[in-house]
Structures are given as structure tokens and as C-alpha cells.
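Asker: One structure, as C-alpha cells, below. Some questions next.
The values are calculated or read from the model by the stated rules, or taken from the named source; none is laboratory data. It should be emphasised that the depicted structure is a prediction, and the values quoted were computed from it without experimental measurement. Here the Cβ is made from the backbone with ideal geometry for all residues, glycine too, and neighbour counts use every protein chain on show.
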């Protein structure tokens, strides 16, 4: 009988057991892949939860030390219109629920009397837009100034530079970069914004100090668009800054209470009746 050319299977190894070994290896690879996918998903979920915890969803601003739970705030602004600081001219007089949100970027001024013998105070807010940051003024009158700006007001200690401030149903003032709040319930502190920075460019009076996004260049919008030589020219010639100033996108100083536009503000009583605080 001719010798068989096929090698005999090793003792105990059959074709069926070999197929079983291949399947077992395939199953192990699938299990390993599933575990890796699960770990990746858990890592993505963790990062998303961390991002949600440190981001104010309505504005995209980074937030720490929340004063209002995100869920409660979401419910409060549901169905309301957000008005950007750069679009305050859109503030409605028709009773539409509107909200303006910004970051307090200068120390709150003490209340002053205007020429109509009304106590008022001004806050400066920035939207911290990375490309074109803009600022606007909140004029506090009536119960709002008593609560948030008076020396013994319960809200004043909480009004710190870097606070994320929401203004509910503010009233237009006739100036495109200003709004008015007359009730303490119209002003809400949401938390603190760690992204607030200040422009470090040297000008003829010292450092620029305009609000900017700390995660950007460290310069305000105007100086980030300037060349090195233009900054040097501004340092030696203050008139160069005045020629290039852009309204609404610069650090603002508190407007005196006797300024013409402030003098045209409605009385605290009339402003209070027209505002619609959200409870």
C-alpha cells in the first residue's frame, strides 16, 4: 500500500477543534474591540459632562462658581429672546421677553445723582467675543441700584469683576450701547467667568486694560489687529489711538451721571412699570 502523503493530525487535534480555536480568537478580538469602544465612549461622555459643567450653554461662556443651576436657568430663559450686547438697538418696547448676558469687566461704580435727582449707577459688560469683543453699559436705577450698587445693598458684594450677569427685559435708553434695569430681580448673577482677561499693550497712559478673552492673543480686538509699529506709534502719540478708535468695541469708562444721554433716562417709577422681571 502506498504511503499516505497527508500528515496525520497531532494527537487530540481535530478539524472541529481547530475551527473552534479560530472562532474563540475572533470572539476575543470582538470583545476587546467592544471594550475599547466602550472606554472611548465613556471618555467622550466624561469630557462632555466636564465641558457642560464649565460652560454656560446659552452664551458659550466658560463658567465657574455657578449661582444658578444650569437646569433652572435653562427653564427660566426658555422661549425668551437673547439680545447680543452689540445689538441693544433691538431691545423691544412691545413686552417681548428678552435677555442680555455679559461679563462684568470693570469695578462697579458707586451710585450718583443725575440732574433729575435720580440715584443711578453704571456697570460695564463685555461679551468676550474672541474675534470682535464689544462692551455695553447697564444703567441701574430704582430698586436695582439700591440692591446691587448701594454701599449696603445685599447684591453689591456679589457684583465682582468677572461675574457673568444676565439682565432680564432691560429697557432701551436711546443709546445703542446702553440699557436700563430698574428692578433688582431683573439682574441675575449666573457665576464667574475665568476667561476674562485684560489687554497688556502699553499705551501713553499705561496699560491698555481693555477687556479681552484670556484664551486668545491677550490683546483687545483693536490692538490684536495692529502691527508692532502701530502700537509703538500709539505709545508715543496718543492721537493715533483716537484716530483708530472703534465705537462699541473698546474698554469704556463710567459715564458721568450728568452726561446728556443719562439725563434723558426715564424715572425709576416709569421704568419699573414698563419692565417685566422674570420670576
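Asker: Yes or no: residue 255 at pLDDT below 70 and within 19 Å of residue 139 (Cα to Cα)?
Answerer: Values: at pLDDT below 70: yes; within 19 Å of residue 139 (Cα to Cα): yes.
Answer is yes for this residue.
Asker: Here's something else I'd like to know. Go through the range 178-200 and count every residue that is touching a helix residue (DSSP H, G or I) at 6+ places or on another chain (Cβ under 9 Å) and surrounded by 19 or more Cβ atoms within 10 Å (Cβ to Cβ).
Answerer: Total satisfying the criteria: 13.
Asker: Right, here's the next one. Considering only residues that are in contact with a helix residue (DSSP H, G or I) (Cβ under 6 Å, 6 or more places away or on another chain) and farther than 15 Å from residue 140 by Cβ, which ones fall in the range 88-125?
Answerer: Matches in the range 88-125: 99, 115.
Asker: I need the full set of residues from the range 143-158 which are in contact with a strand residue (DSSP E or B) (Cβ under 7 Å, 6 or more places away or on another chain) and surrounded by 20 or more Cβ atoms within 10 Å (Cβ to Cβ), in order please.
Answerer: Selection gives 144, 145, 148, 149.
Asker: Still on this structure: Considering only the range 88-113, how many residues are over 16 Å from the mean Cα position of the chain (by Cα) and not in a loop (DSSP other than H, G, I, E, B)?
Answerer: The first filter runs over the range 88-113 and keeps only residues over 16 Å from the mean Cα position of the chain (by Cα), leaving 88-98, 107-113.
With the extra rule that they be not in a loop (DSSP other than H, G, I, E, B), the set shrinks to 88-90, 98, 112-113.
Residues flagged as over 16 Å from the mean Cα position of the chain (by Cα) and not in a loop (DSSP other than H, G, I, E, B) within the range 88-113 amount to 6.
Asker: What's the number of the condition residue 95 fails, among (1) surrounded by fewer than 18 Cβ atoms within 10 Å (Cβ to Cβ); (2) at negative phi?
Answerer: (2)
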